[in-house]
Amino acid sequence: MVKLGLIQCPARVKPGDGIVARYGGTILVVPDPLAGRRGVEVLLGVLREHSSPDDGRELVLEMAGVLVGTKTRDLPAFCALAHTDGGVAILIHGDLQATVARTGEAEHLSGRRAATWVDQLIEDPFVSITVGPTLGDESELEGLCDLETGVVRGSGVVVIGDARIELPKARKTSESNAPEPADVHHGEPGERPEVKVQAASRTRSAHPETASIWNQQSSENTPAARPDAEDIDVKPSVFKSFDLAPDPFADRRPPLPLANEVPRPDDDADSRVIVRGIKCANGHFNPPDVKFCAACGIAMVQLSHDLVDGPRVPLGLLILDDGSAFQLDDDYVVGREPERDHKVYEGHARPLKIVDADRSVSRVHAEVVLTGWDVQLIDRGSANGTSICTPGSRNWTSLQANMPTVIIPGTEVRVGRRTLVYDAHFRR
Amino acid sequence: MDGIADYELVRSLGSGNYGEFFLATPPPRLHIDVDYVVVKVLVTAGSDSAFNRAMRELRIFAQVNSPNLVTLYDAGQDGDSFFYAMEYCSGGSLAHPTNPTSTDLAISTTAGAARAAHDLHEAGIAHRDITPANVLIADSGAKLADLGLAQFLSPGYTVTGMGSVGSVEFMDPLVIKGGRADRASDIWSLGATLHRAITGRGIYGELPDADPVFCMRRVLTGEPSIDPSLTPEVALVIRDCLARSPVDRPLTAAVVATRLDAITSL
Ligand SMILES: [Zn+2]
């Protein structure tokens, strides 16, 4: 595929009273220039200076400089696009929206909730980039004029990228209350890649040099050892919407089996841990020391207690104080952001995420490890500690950091100010 | 929660550790001609594979052509949150109906939800979260809303606590103990939903919201009891749905719907 780059992409202007400017590899959209005329002059000057096709990052840096050097109220909302080697650099200031359409997905950037600005590198190939005061897409392309160079009146722009397979049909507005599922962007059937879902890009990620004075997000990489109250959450102003159209290959499934039919093979049967246990008269696998079968309830006393190997069945639940519960059939990392732990992102443990407005729970607070039929608890050096209270006792015992402790059924576990209870499926 | 994607949030409709759902106005990019949508926002420990699993379920849901399923308009990701937007019904739900519901309306609405569940099952997915709050009352009949995605977004997340702690009464105890969600577990939930909708009482009595551990023990060790005020015909359908063993329950949700329709047409 021949790469065009922004300098050669068609750009169609949406009608309106603002201005749309294009010089070389740069485009500027200012829907409401009256909100700051002097600012518009400055922005246009910067645009002309940096119109050469290898200058995209420079342009965005320069625009960011204008923003830093100007009181926000003197600048109207604007969006600048600039050609770079691998794609298009985009910067949005103020209440403007951009939609980046790719095959099978669309990403939305909004300056509305950003305190300063949003910038990002949009990598090739894309289907289109639509910029305007409201979120739009290329469905209204019909009748729009191409802008090759210069300044014209307009409220927004649609840049048509390399990845376009065909111009989309004009979208119909549903008359009924039951419209078809949102069809985002259809590619050729069968060519559509697996819907790609990645962590949304953070705002201002492309240019840390200029952004750092604003960027409180850098605190995110500090380990969880320091007091969690210092955390600052910055909500990214970027979101993605996904194509709900079926993937004809991945999404077709056979009907669910009836209860009297052979069940489907278990997806995770192979990953079950093999342990020693006993079987009830009906063949259910149980820990060696239970009095009743957890599956059917019959007494185990008359059995010979022959130990056999079998796949471990769930040991019980961890019940959180808000009523949610987690199945104890695998290890967990407990915390406010357990996904940051390497055991979670490497797939060795599941995340047990506690949404804790008080931040009394550390990002990675504790860990639950199943060994045989036992449940072990480990405090991971959390700021506020982990303590346990065994059933029948009223005393709370603090765990030493990183020292595994076996907890018995009924044990209450305190992580920060939140409480979990280990409720076993077995009666011993 | 200070907003999600480009939706204008009107008000919260409920929340839990797992997330929150909102009444919202739809953004213009969806090109839909409705005043309101319901947006569900799920907090995730989002890995790529978790999002992909949840999206796959939603795509199958969107594809099922059933008059008794709500329309799915949009799904996406905003930061660490997963969100999706679906049809809003002004008639409310069996949990919070806009107008008082008669026994017949509760039965016929649950029958509609059962047909929707059956259509999902035939498409290869279980609903996993049938509760009175998810059975909506529309002019055109019943609409089954939402889909239980917690397990997909966060493996092992068995009970979400969404709505209220007591909503665990609508879950098949076999699933709470780690069993797989399937036709039979959705059928169990239909029975528990109908019982609550007609009698206003739960099959385990009132579960105290303040004590989740007690609720769980009650649900896992107690026998469900059928309210004596129910007619024998309705009581029998509910009792069959709540049978301990899946093979003793109606084999399909379509059977549940047919049996309920037969009662209201008497
Ligand atoms: Zn047994």
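The values are calculated or read from the model by the stated rules, or taken from the named source; none is laboratory data. These figures come from a predicted structure and were not determined experimentally. Cβ atoms come from the backbone with ideal geometry, glycine included; neighbour counts cover every protein chain shown. Accessible surface is based on the protein model in full, side chains and every heavy atom, while ligands, DNA and RNA are left aside. Shrake-Rupley method; radii C 1.70, N 1.55, O 1.52, S 1.80 Å.
Looking for whichever is part of a loop (DSSP other than H, G, I, E, B) and either of a type in the set (A, V, I, L, M, F, W, C) or outside the structural domain of A:G18 (by TED's automatic domain parsing) (or both) here; the options are A:L91, A:L61, A:L135. Which one fits?
A:L135
Residue by residue, here is whether (1) modelled with pLDDT under 85; (2) more than 25 Å from B:G76 (Cβ to Cβ) holds:
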site	(1), (2)
A:R57	yes, yes
A:V88	no, no
A:I92	no, no
A:D137	yes, no
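Examine segment A:379-388 for a residue that is away from the ligand (no atom under 16 Å from the Cβ), in a loop (DSSP other than H, G, I, E, B) and within 11 Å of chain B (Cβ to nearest Cβ), and state whether such a residue exists.
So far as segment A:379-388 goes, no, none of its residues is away from the ligand (no atom under 16 Å from the Cβ), in a loop (DSSP other than H, G, I, E, B) and within 11 Å of chain B (Cβ to nearest Cβ).
Mind checking which residues of segment B:1-60 are among the aromatic types (F, W, Y) and either at the interface with chain A (Cβ under 7 Å from one of its Cβ atoms) or not in a strand (DSSP E or B) (or both)?
Listed by number, the residues that qualify are B:Y7, B:Y18, B:Y36, B:F51.
Working carefully through the options A:A269, A:A299, A:A294, A:A357, find the one that is at pLDDT below 90 and in contact with a His (Cβ under 8 Å, 6 or more places away or on another chain).
A:A294
Please go through segment A:283-296 and pick out each residue that is within 9 Å of the ligand (Cβ to nearest atom) and surrounded by 13 or more Cβ atoms within 10 Å (Cβ to Cβ).
So the first thing to find is which residues in segment A:283-296 are within 9 Å of the ligand (Cβ to nearest atom), and the list is A:283-286, A:292-296.
Listed by number, the residues that qualify are A:H284, A:F285, A:N286, A:F292, A:C293, A:A294, A:A295, A:C296.
It is to be established whether one or more residues within segment B:89-103 are touching a helix residue (DSSP H, G or I) at 6+ places or on another chain (Cβ under 9 Å), more than 10 Å from every other protein chain (Cβ to nearest Cβ) and over 30 Å from B:Y7 (Cβ atoms).
Checking segment B:89-103: at least one residue is touching a helix residue (DSSP H, G or I) at 6+ places or on another chain (Cβ under 9 Å), more than 10 Å from every other protein chain (Cβ to nearest Cβ) and over 30 Å from B:Y7 (Cβ atoms).
Tell me the residue from A:G111, A:G104, A:G86 that is of a type in the set (G, A, S) and either out of contact with any Gly (no Cβ under 7 Å at 6 or more places or on another chain) or open to solvent by 10 Å² or more (accessible area, probe 1.4 Å) (or both), please.
Testing whether each residue is of a type in the set (G, A, S) and either out of contact with any Gly (no Cβ under 7 Å at 6 or more places or on another chain) or open to solvent by 10 Å² or more (accessible area, probe 1.4 Å) (or both) leaves just A:G86.
Going through segment A:373-399 one residue at a time, which ones are out of contact with any strand residue (DSSP E or B) (no Cβ under 7 Å at 6 or more places or on another chain) and open to solvent by 80 Å² or more (accessible area, probe 1.4 Å)?
A:N384, A:G392, A:R394
Please state which one of A:V344, A:V361, A:V355 is farther than 14 Å from A:R414 by Cα and open to solvent by less than 30 Å² (accessible area, probe 1.4 Å).
Of the residues listed, the single one that is farther than 14 Å from A:R414 by Cα and open to solvent by less than 30 Å² (accessible area, probe 1.4 Å) is A:V344.
Any idea which of B:A133, B:A116, B:A123, B:A138 is open to solvent by less than 10 Å² (accessible area, probe 1.4 Å) and on the phi < 0 side of the Ramachandran plot?
Exactly one residue qualifies, and that residue is B:A116.
Please state which of the following conditions A:P314 fails to meet, knowing it meets all the rest: (1) open to solvent by less than 40 Å² (accessible area, probe 1.4 Å); (2) within 9 Å of chain B (Cβ to nearest Cβ); (3) within 16 Å of the ligand (Cβ to nearest atom); (4) modelled with pLDDT under 85.
Going through (1) open to solvent by less than 40 Å² (accessible area, probe 1.4 Å); (2) within 9 Å of chain B (Cβ to nearest Cβ); (3) within 16 Å of the ligand (Cβ to nearest atom); (4) modelled with pLDDT under 85 one by one, A:P314 breaks only (4).
Within segment A:389-421, can you find the residues that are of a type outside the set (A, V, I, L, M), free of Cβ contacts under 8 Å to residues at least 40 places away in the same chain and not in a loop (DSSP other than H, G, I, E, B)?
Once the filter is applied, which keeps residues that are of a type outside the set (A, V, I, L, M), free of Cβ contacts under 8 Å to residues at least 40 places away in the same chain and not in a loop (DSSP other than H, G, I, E, B), segment A:389-421 yields A:C389, A:T397, A:S398, A:T405, A:E412, A:R414.
Quick check on segment A:22-36. Is at least one of its residues over 28 Å from B:E8 (Cα atoms), surrounded by fewer than 20 Cβ atoms within 10 Å (Cβ to Cβ) and under 29 Å from the mean Cα position of the chain (by Cα)?
There is no residue in segment A:22-36 that is over 28 Å from B:E8 (Cα atoms), surrounded by fewer than 20 Cβ atoms within 10 Å (Cβ to Cβ) and under 29 Å from the mean Cα position of the chain (by Cα).
Being in contact with a Phe, Trp or Tyr (Cβ under 8 Å, 6 or more places away or on another chain) and open to solvent by 10 Å² or more (accessible area, probe 1.4 Å) is the filter here; which residues of segment A:41-64 pass it?
Matches in segment A:41-64: A:R48, A:S51.
For segment A:138-159, what are the residues that are surrounded by 17 or more Cβ atoms within 10 Å (Cβ to Cβ), outside any strand (DSSP E or B) and away from chain B (no Cβ under 14 Å)?
Matches in segment A:138-159: A:L141, A:L144, A:L147, A:G154.
Which residue pairs have Cβ atoms closer than 7 Å, lie 6 or more positions apart in sequence or on different chains, and pair a first residue in segment A:271-290 that is more than 14 Å from every other protein chain (Cβ to nearest Cβ) and closer than 11 Å to A:L307 by Cβ with a second residue that is within 9 Å of the ligand (Cβ to nearest atom) and in a loop (DSSP other than H, G, I, E, B)?
Cβ pairs passing all conditions: A:I278/A:M300.
Quick one: what pairs do we get from segment B:249-264, first residue more than 14 Å from every other protein chain (Cβ to nearest Cβ), second part of a loop (DSSP other than H, G, I, E, B) and open to solvent by 60 Å² or more (accessible area, probe 1.4 Å), C-beta under 9 Å, 6+ apart or different chains?
Qualifying pairs under 9 Å: B:I263/B:T231.
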